[in-house]
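The values are calculated or read from the model by the stated rules, or taken from the named source; none is laboratory data. Treat the numbers as computed from the prediction; the structure is a model and nothing was measured. For neighbour counting, all protein chains shown are included, and Cβ atoms are generated from backbone atoms with ideal geometry for every residue, glycine included.
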Amino acid sequence: TAPWRGLIDAYRAWLPVAETATPVTLHEGNTPLLPAPHLSELTGCDIWLKVEGANPTGSFKDRGMTVAVTNAAAAGAKTVVCASTGNTSASAAAYAARAGLGCAVLVPRGAVAAGKLAQTARYGATLVEVDGLFDDCLRVARELAAHHPVTLVNSVRNEDRLSGQRTAAFEVVDALGEAPDIHALPVGNAGNITAIWQGYERYAEAGLAARRPRMWGFQAAGAAPLVHGTVIAEPRTIASAIRVGDPATREGAVDARDRSGGLIDAVTDEQILAAWRLLGEREGVFVEPASASGVAGLLAAAADGRLDPGQRVVATVTGNGLKDPETAASAGLDPVPSEASTAQVARLLGV
Ligand code: F0G
């Protein structure tokens, strides 16, 4: 088979990319769809993880960014901008670097994980630390793009980003031969649940899947505007990637929930961290905390009887664990000091 050359190459007919446009790609997509035996045993369901941290910049954002930056470059843009809790910035910075475009990212000061800041800087983007929340960054980025010669690559009203993110659903159906019963995932600014639902719909409309899954989205309890049906002025959660008080794609997420017969619920930071640890220690999948909220939601639903056994479930784990080394370290590294002595190490290990 031909080597993988990224999402535009693989799914061009489904994407709003002109025939004449040259793809800006880092060969994103084609991420592992990994069986999760421990989670399956715990829940009695057949659970699969869509491991989006395997994308080139370590999150699902690369799926939309290849399309957004391809089209920005084709349209002659010089500079792209975005607001971000960190992953969109890393992705925008990388694709802009690849395309030879300028890139500026607006992030909430003190609220972005270290790995994401490191990536953004090393891809050569201008990092603007805004005195405010993600929601403030998004407002400023939108106004900036409306009045200045810069191109917004946030998913808000950006068909490019959403259409690129639909490819995760295409890959799931292509791999399993059918849509799952349930697709669970984290929800922050609400673009991804919108896009993945649309992806399943497109495939079903084209006759490539016989059914659509129920979409189960999970927000962090301290940042759950869609659960409470109101803007959260001071969103709080350890899961910094989804610390969003006023999701831009609110209607899309509500539509995905209602049309799929699904749900959007909240999980506590304790539940998120428990799922995050379990993913690493029992499944061998190290993700950033926000990424575990879908799995946390499945475990909570299994515990209170809302997840009927026997179903096939796909859970997106959205970003790589290396993105957030501080949270990983603060959960305890517990190194055991030793001299460079085989005998001492053997004694320490009790072997
Ligand atoms: N998981 C991770 C790791 C994320 O970075 C995000 C969003 C989400 C889940 C939620 O996806 O916003 O489409 O509902 N991160 C955005 C960013 C806000 O700026 O990187 P969503």
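Of all the helices (runs of 4 or more DSSP H) wholly in region 245-351, which have at least 1 residues that are hydroxyl-bearing (Ser, Thr, Tyr), within 16 Å of the ligand (Cβ to nearest atom) and under 24 Å from GLU171 (Cα atoms)?
Numbers: elements: 250-260, 269-283, 293-303, 325-330, 342-349.
Correct list: 250-260, 293-303.
From (1) of a type in the set (Val, Ile, Thr); (2) modelled with pLDDT of 95 or more; (3) crowded, with 17+ Cβ neighbours inside 10 Å, pick out the condition that doesn't hold for VAL140.
Condition not satisfied by VAL140: (3).
Could we say that GLY217 is more than 10 Å from the ligand (Cβ to nearest atom) and in contact (Cβ under 8 Å) with a residue 40 or more places away in the chain here?
no
State all residues of region 1-50 that are assigned to a loop (DSSP other than H, G, I, E, B), surrounded by fewer than 20 Cβ atoms within 10 Å (Cβ to Cβ) and among the polar types (S, T, N, Q); if no residue qualifies, say none.
Passing the criteria: THR1, THR20, THR22, ASN30.
Could you say which residue among ALA83, ALA114, ALA92 is surrounded by fewer than 20 Cβ atoms within 10 Å (Cβ to Cβ), closer than 22 Å to GLY132 by Cα and within 15 Å of the ligand (Cβ to nearest atom)? Give the derivation first.
Numbers: ALA83 fails: surrounded by fewer than 20 Cβ atoms within 10 Å (Cβ to Cβ); ALA92 fails: surrounded by fewer than 20 Cβ atoms within 10 Å (Cβ to Cβ).
So the residue among ALA83, ALA114, ALA92 that is surrounded by fewer than 20 Cβ atoms within 10 Å (Cβ to Cβ), closer than 22 Å to GLY132 by Cα and within 15 Å of the ligand (Cβ to nearest atom) is ALA114.
Which residues, taken from region 186-200, are under 23 Å from LEU307 (Cα atoms) and out of contact with any Gly (no Cβ under 9 Å at 6 or more places or on another chain)?
GLY188, ILE196, TYR200
Test LYS78 against the stated conditions and say whether it is within 16 Å of ALA248 (Cα to Cα) and touching a residue at least 12 places away in the same chain (Cβ under 8 Å). Quick ask: steps written out before the conclusion?
Details: within 16 Å of ALA248 (Cα to Cα): no; touching a residue at least 12 places away in the same chain (Cβ under 8 Å): yes.
Spelling it out, it is not the case that LYS78 is within 16 Å of ALA248 (Cα to Cα) and touching a residue at least 12 places away in the same chain (Cβ under 8 Å).
Considering ALA168, ALA195, ALA206, which residue is more than 14 Å from the ligand (Cβ to nearest atom), within 19 Å of ILE8 (Cβ to Cβ) and either of a type in the set (A, V, I, L, M) or at pLDDT below 95 (or both)?
Only one candidate passes the filter, namely ALA206.
Test of understanding: among ALA146, ALA125, which residue is without any contact (Cβ under 8 Å) to a residue 60 or more places away in the chain and in contact with a Cys (Cβ under 8 Å, 6 or more places away or on another chain)? Full working, then the answer.
Values: ALA146 fails: in contact with a Cys (Cβ under 8 Å, 6 or more places away or on another chain).
The unique qualifying residue is ALA125.
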